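Structure first, commentary second.
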Amino acid sequence: MNVNLSDVRRSFGKNKAVDGVSLELGTGVFGVLGPNGAGKTSLLRMLATVLPPSSGEMSLLGRDPGASAARRDIRRRLGYLPQNLGYYGSFTVVEFVEYFALLKEMPSPAVPKAVAAAVERVDLGPKAKAKLRTLSGGMLRRVGIAQAIVNNPDLLLLDEPTAGLDPEQRVQFRSLMRTLGQGATVIVSTHLVEDVGAACSEVALMADGKVVFRGTPDELTARGQGHSVGDAPLERGYSAVLAEARP
Amino acid sequence: MVMDDDELIAALAAGDETALHELFTRHAPWLAARLRAALAVPDAEDVLQETFLAIWKGAGAYTPQGRPQAWIWVIARNQAALLLRRRGPDTAQLDEIPLPGLDPAETALIRAEIAAALAGPDGDLLRIMYVQDRSVAEVAAILGVPAGTVKSRAHRARRMLQATLRGTR
Amino acid sequence: MNFPSAPDQRGSSHDSPGDVDLGRVWTAVAAEVWRRSPGWAERAAARLLRSPGLARALVTTPSLLLPWLISTVAVFGIGALIRLGPGQPAVWLVAPAVAAIGIAFAYGPGIDPAWELSASCAVSDRIVLLTRAVAVFALNAVLGLLASAASGAVAALTFGWLLPMTAVSALALAVAVAARSAIVGAGAGVAAWVITVLATETVSGRLTVSVTSSNAYLPYLATAACCAAAAVYALRPQRGFQ
């Protein structure tokens with residue numbers, strides 16, 4: 001199992017952002033759905049080792065991120081796209097992706113090819129030498145995805161990856177996720193229900209810091225039968241589960 | 001606006017690296033096919049890579065003479081020859097009798113070029129005429145076409161062969 | 001990626017042989033064409049710091065413009081204040097910690113747009129911050145040296161503050177890299193600074209009385225401890241792992 005969480009909690013003062021989450025994940029694409037404030041971003045930050053849990057046990061890629069040497073090893077095999085990723089406007093696409101490849105301690109000789117492959121994978125080849133400040137929001141998001149995949153991570157965490165992408169790019173993105181999920185654990189956090197349905201083999205729905213549903217997209221759809229809120233079957237399932245979870 | 005090959009090479013020489021991708025898209029497939037006639041897959045891929053890097057570095061020295069594909073092929077052929085020479089004669093795919101005046105590496109490539117030029121119906125026609133030593137009338141009967149057609153296709157095939165061989169020197 | 005076959009007029013009309021991976025070939029070509037060649041300073045830094053990532057962080061420090069401006073203003077401002085100040089050793093002892101806080105703020109989560117991403121990378125965020133401190137002081141020292149010819153005040157600032165702080169932060173970084181711990185490095189830097197200040201003050205005679213009196217040791221130790229704590233706090237990971 002690449003991800004093993006046992007009763008993980010994270011609080012900010014009195015706010016329980018993550019309130020007892022237990023997960024075991026192997027390879028594949030795993031979706032995390034939920035409304036704003038559900039705890040998705042805090043969960044991903046903990047998985048990215050940016051935030052320590054307040055309590056509970058975590059094992060990532062078979063290591064305990066609480067130990068600094070293990071944390072460094074985990075981070076070398078990790079790819080992360082934060083929800084709010086700022087960019088260094090004076091960097092080019094290639095320079096930005098290369099910078100994070102170096103910070104992830106990829107071996108230097110392997111970096112140029114890895115950067116080229118990542119940039120091509122997100123279809124930004126024609127913009128490889130363009131400065132980031134000249135790119136659109138959707139292109140910048142693709143740059144973010146490129147830096148997340150440059151080191152061929154075993155654990156890939158993407159927080160709202162499709163923000164700003166047009167429908168065609170979202171289709172290509174889902175296809176990329178399915179390919180990456182064949183050899184890695186890919187966790188996609190999003191509020192776009194249809195992205196999850198198309199790319200993910202399994203889905204968790206979070207509300208108020210807890211996981212209130214875990215199963216396949218079809219099982220989530222099934223929960224929505226008879227429920228009226230939502231334009232599509234998966235959305236109805238999503239709404240139905242949330243409605244049940246609320247007191 | 002679609003640029004022709006000369007314009008793309010000029011753009012590349014001026015520093016527009018996106019032109020290289022367009023050149024690659026246009027020319028890598030047929031280059032790969034030609035190289036595969038003489039080289040194994042890994043070698044063909046290496047030579048393709050070195051060819052386009054050489055195009056990138058040498059774009060400034062290119063002067064348009066109406067045959068950019070020939071310029072590209074000469075670069076590819078030279079890169080292939082370099083690779084085969086580095087490998088040595090044992091690992092090259094060679095016929096036993098080298099062409100006179102050429103080293104074995106060049107020979108393999110020229111054979112590949114001739115094979116490519118002779119692929120297709122016109123090549124078949126030349127083979128029947130010259131290898132099987134048939135007359136125009138016999139070839140016309142075998143192929144089921146008029147004698148005049150045989151003559152004009154043979155003429156065209158000979159010209160193509162000449163052009164191919166000229167391009168190798 | 002799809003590479004359509006060349007049309008007939010481009011010589012052979014063959015499609016690409018299916019066994020040649022044109023995508024892989026293009027990636028290898030692109031890797032060379034797009035490759036960035038590090039300058040001599042970056043190559044030297046990569047060898048010294050044993051990390052190409054740290055070296056890149058070092059040389060890109062000034063190109064992150066807003067953090068660079070904020071930290072430069074902080075560094076020059078603090079330097080000017082202590083030169084103009086009452087000249088008490090306590091002020092000198094505290095100054096590096098204040099500068100460290102200023103640089104940590106400038107390159108921290110509020111200002112550095114890619115901070116959260118950097119915090120998830122293998123290269124330690126704290127050591128990156130120490131690296132940036134060295135870059136800030138070193139470059140400002142160079143600027144100060146250039147301007148020193150024109151201004152005595154700038155010369156005093158450069159030789160009395162910028163150059164010593166460049167040395168102290170470089171020492172801190174060197175120790176941090178060797179010990180693989182930013183805290184150990186910061187502690188070494190603070191200790192070096194305290195020793196420098198006390199030695200200078202002693203030599204100049206201003207501290208003669210207080211140094212020979214054992215009553216002065218406790219306040220100075222306490223000040224040094226506060227500086228160390230302030231430096232560690234300034235370099236803390238902002239609610240994260242490090």
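A short reminder: the numbers here are calculations on the coordinates, not readings from a lab. These numbers come from a predicted model, not from an experiment. Here Cβ is always computed from backbone atoms with ideal geometry, including for glycine, and neighbour counts include all displayed protein chains.
Annotations
- With Cα atoms, 0 to 90° folded angle of helix A:111-121 axis to chain A main axis: 50 degrees
- Close amide H contacts of A:LYS210 (hydrogens built in the peptide plane, cut-off under 5 Å, sequence separation of 5 or more or a different chain): A:ASP19.
- Counting Cβ atoms of other protein chains within 10 Å of each residue's Cβ and taking the mean over peptide A:111-120 gives 6.
- DSSP bridge pairs, chain A: antiparallel proportion in percent, nearest 5: 55 percent
- Most tightly packed first, judged by the mean number of other beta-carbon atoms within 10 Å of their residues, the peptides C:185-192, B:79-86, C:118-125 read C:118-125, C:185-192, B:79-86.
- Dipole axis of segment B:1-95 (+1 Lys, Arg; -1 Asp, Glu on Cβ), positive-most option in B:ILE55, B:LEU83, B:ALA10: B:LEU83
- About its Cα centre, chain A has a charge dipole of approximately 720 debye under the convention of +1 per Lys or Arg Cβ and -1 per Asp or Glu Cβ, with nothing else charged.
- GNM flexibility winner over chain A from A:LEU33, A:LEU102, A:LEU44 (Cα, springs under 10 Å): A:LEU102
- Rotationally averaged projected area of chain A (alpha carbon convex hull; nm²): 13.5 nm²
- Phi-derived couplings, Karplus 6.51 cos²θ - 1.76 cosθ + 1.60 at θ = phi - 60°, listed residue by residue for segment B:139-149: 5, 4, 5, 5, 8, x, 10, x, 4, x, 5 Hz, with x used for Gly and Pro.
- 10 Å Cβ neighbours from other chains, averaged over peptide B:43-55: 4
- Sorting the segments A:212-224, B:45-57 by their mean number of nearby beta carbons within 10 angstrom, highest to lowest, gives B:45-57, A:212-224.
- Cα-based reach from B:LYS151 at 13 Å (exclusive), listing aspartates and glutamates while leaving out same-chain residues under 8 positions away: B:ASP122, B:GLU138
- ³J(HN,Hα) computed for each position of segment A:218-231 - Karplus, 6.51 cos²θ - 1.76 cosθ + 1.60, integer Hz, glycine/proline x: 5, 5, 5, 4, 4, 5, x, 5, x, 8, 9, 7, x, 8
- Residues of type lysines that A:LYS127 reaches as a straight line, Cα spacing below 18 Å, ignoring anything fewer than 8 places off in the same chain: A:LYS113
- Eligible lysines near A:LYS40 by straight Cα distance, threshold 17 Å, same-chain separation 8 or greater: A:LYS16, A:LYS210
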